[in-house]
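Colleague: Would you mind keeping the following structure in view while I ask a few things?
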Amino acid sequence: MKMPKPVKLTSKTPIMRFKGINTKTEIFIKRDDLNGLLISGNKARKLEYLIADALNKRCDSVITCGPVQSNHCRTTVAFARNFGLFPYLFLRGRPKKTPNGNLLIDRLLDARITYITPSEYHNKRTEIMAEYAKRLIKKGKRPYIIPEGGSNEIGALGYLDCMREMADFIKKKKVDALYCAVGSGGTYAGLLLGKKILKLNIELNGVIICDTVQYFTDKILKICEKVVYRFGMKIKITRHDINLIDGYVGSGYAIPYPEELEVIRKIAKTGIILEPVYTGKAFYGMLQTLKKKKYKRVIFMHTGGLFSIFAFNRILFSKVSC
Ligand SMILES: Cc1ncc(COP(=O)(O)O)c(C=O)c1O
């Protein structure tokens with residue numbers, strides 16, 4: 001099958017030399033946090049493919065899910081509104097009296113939100129969205145379901161493109177490794193596919209921010225296999241190609257810890273904002289592992305998430321974990 005043509009809403013992002021921390025390794029940052037405003041961050045690359053697929057299938061609405069402060073949901077709503085699709089969200093958590101961060105944007109853009117419990121989200125989110133889609137179809141609508149984080153064989157193509165975008169830089173500068181946060185696996189899967197297709201000699205380190213290495217290895221492998229099969233790619237990806245780093249989750253998803261918060265505050269002084277859910281943990285994890293690795297040059301993938309800091313306003317200035 002031919003690779004689909006994505007819609008275009010993002011701007012090209014720079015790779016910047018980072019000088020804020022004294023390390024033996026030279027650190028570069030791929031600024032995917034600068035790819036847009038309401039759409040900023042890694043979800044936009046995936047959505048350029050997913051929304052293209054929805055439009056090709058003549059859908060008129062999108063359904064997706066995530067936690068209350070989901071960057072993916074906010075980006076999906078922004079994309080949907082830009083391309084004339086109606087956004088439906090299933091959010092894990094409870095409604096807020098005064099919504100802030102990503103949720104405030106979801107509300108302002110007037111997404112139709114249904115709140116579900118953590119156990120419903122964990123055990124039945126796919127079924128819940130499918131059931132809802134059936135109900136919409138009965139009413140004459142044409143919904144398109146996007147899985148959590150936009151992480152499937154379509155969304156992952158966005159990060160294959162990103163690897164293509166970085167390939168010359170990686171070769172010219174002889175970059176040894178790339179680090180990214182892993183939250184639903186699609187970003188890592190796309191980067192890995194790109195690395196294989198372009199035969200890049202670079203280590204791909206994914207810092208997990210929830211769940212387990214086993215869970216994400218299986219998930220990433222499955223996404224990669226589906227892409228390879230669907231688009232007839234002549235590459236083979238095995239679980240040995242997947243290098244995930246554990247130890248920086250802390251007490252759980254979206255629960256920050258003091259060392260991470262310290263790094264976020266330190267990096268902010270250089271004008272770059274990391275957030276406590278994904279990039280804060282990934283950057284902290286990278287700095288810790290750099291102490292043991294002999295890398296000369298690395299790239300940190302800044303995957304965005306700026307709006308979620310508004311939901312962490314108090315904790316960002318305290319020294320204890322929440
Ligand atoms: C800001 C940010 N960074 C990183 C990630 C992780 O990317 P992925 O879900 O593709 O693993 C996410 C979403 O989960 C995110 O919102």
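Colleague: Those residues that are closer than 15 Å to THR270 by Cα and away from the ligand (no atom under 16 Å from the Cβ), I need them from region 24-60; list them, please.
Modeller: ILE27, PHE28
Colleague: Out of the residues in region 287-301 that are in contact with a Ser or Thr (Cβ under 9 Å, 6 or more places away or on another chain) and closer than 17 Å to ARG31 by Cα, which is nearest to the ligand (Cβ to nearest atom)?
Modeller: By that ranking, first place goes to MET301.
Colleague: Let me ask something else about it. Between a residue in region 285-299 that is over 18 Å from LYS174 (Cβ atoms) and any residue that is among the aliphatic types (A, V, I, L, M), which pairs come within a Cβ distance under 6 Å, given they are 6 or more apart or on different chains?
Modeller: GLY285/VAL207; GLY285/ILE245
Colleague: Could you figure out which of (1) within 16 Å of the ligand (Cβ to nearest atom); (2) under 30 Å from ARG107 (Cα atoms); (3) among the aliphatic types (A, V, I, L, M) isn't true of LEU261?
Modeller: Condition not satisfied by LEU261: (1).
Colleague: Could you tell me whether ILE264 is assigned by TED's automatic domain parsing to the domain that holds ALA167 and in contact with a helix residue (DSSP H, G or I) (Cβ under 6 Å, 6 or more places away or on another chain)?
Modeller: So ILE264 fits the description; yes.
Colleague: Residues of region 45-65 being of a type in the set (Gly, Ala, Ser) and outside any strand (DSSP E or B), which ones?
Modeller: Once the filter is applied, which keeps residues that are of a type in the set (Gly, Ala, Ser) and outside any strand (DSSP E or B), region 45-65 yields ALA52, ALA54.
Colleague: Can you say whether LEU55 is of a type outside the set (Lys, Arg), closer than 24 Å to ILE137 by Cα and in contact with a strand residue (DSSP E or B) (Cβ under 6 Å, 6 or more places away or on another chain), as far as the supplied structure shows? Explain how you work it out, then say what you get.
Modeller: Working: of a type outside the set (Lys, Arg): yes; closer than 24 Å to ILE137 by Cα: yes; in contact with a strand residue (DSSP E or B) (Cβ under 6 Å, 6 or more places away or on another chain): no.
No.
Colleague: Counting only residues that are near the ligand (Cβ under 9 Å from one of its atoms) and aliphatic (A, V, I, L, M), which one in region 171-207 is nearest to TYR257 (Cα to Cα)?
Modeller: ALA181
Colleague: Just to be sure I understand the filter: pairs with C-beta atoms under 6 Å, separated by 6 or more residues or on different chains, first member in region 126-139 and at negative phi, second member of a type outside the set (A, V, I, L, M, F, W, C). Which pairs pass?
Modeller: Sorted first by the residue in region 126-139, then by its partner, the pairs are ALA133/PRO143; LEU136/PRO143.
Colleague: For the list (1) surrounded by 16 or more Cβ atoms within 10 Å (Cβ to Cβ); (2) assigned to a helix (DSSP H, G or I); (3) not hydrophobic (A, V, I, L, M, F, W, C), I need the number of the one condition that GLY250 fails.
Modeller: All conditions pass for GLY250, except number (2).
Colleague: How many residues are out of contact with any Phe, Trp or Tyr (no Cβ under 6 Å at 6 or more places or on another chain) and either modelled with pLDDT of 95 or more or not assigned by TED's automatic domain parsing to the domain that holds LEU85 (or both) when one looks only at region 95-127?
Modeller: Step one: filter region 95-127 for residues out of contact with any Phe, Trp or Tyr (no Cβ under 6 Å at 6 or more places or on another chain), giving 96-99, 103-111, 113, 115, 117-127.
Now drop any that are not either modelled with pLDDT of 95 or more or not assigned by TED's automatic domain parsing to the domain that holds LEU85 (or both), which leaves 99, 103-111, 113, 115, 117-127.
Selection size over region 95-127: 23.
Colleague: Right, here's the next one. Return the residue satisfying two criteria in turn: it lies in region 14-44 and is in contact (Cβ under 8 Å) with a residue 60 or more places away in the chain, part of a loop (DSSP other than H, G, I, E, B) and under 20 Å from the mean Cα position of the chain (by Cα), and of such residues it is surrounded by the fewest Cβ atoms within 10 Å (Cβ to Cβ).
Modeller: Residue satisfying both the conditions and the ranking: LEU38.
Colleague: Just the residues that are under 11 Å from the mean Cα position of the chain (by Cα) and aromatic (Phe, Trp, Tyr), please, taken from region 173-214.
Modeller: TYR188, the sole residue that qualifies.
Colleague: Considering region 133-165 alone, what residues qualify as being within 29 Å of TYR253 (Cα to Cα) and in contact with a strand residue (DSSP E or B) (Cβ under 8 Å, 6 or more places away or on another chain)?
Modeller: Listed by number, the residues that qualify are ALA133, TYR144, ILE145, ILE146, PRO147, GLU148, GLY149, GLY150, CYS162.
The values are calculated or read from the model by the stated rules, or taken from the named source; none is laboratory data. Since we're looking at a predicted model, the values are computed, not measured. Every residue, glycine as well, gets a Cβ built from its backbone with ideal geometry; the counts of neighbours run over all protein chains shown.
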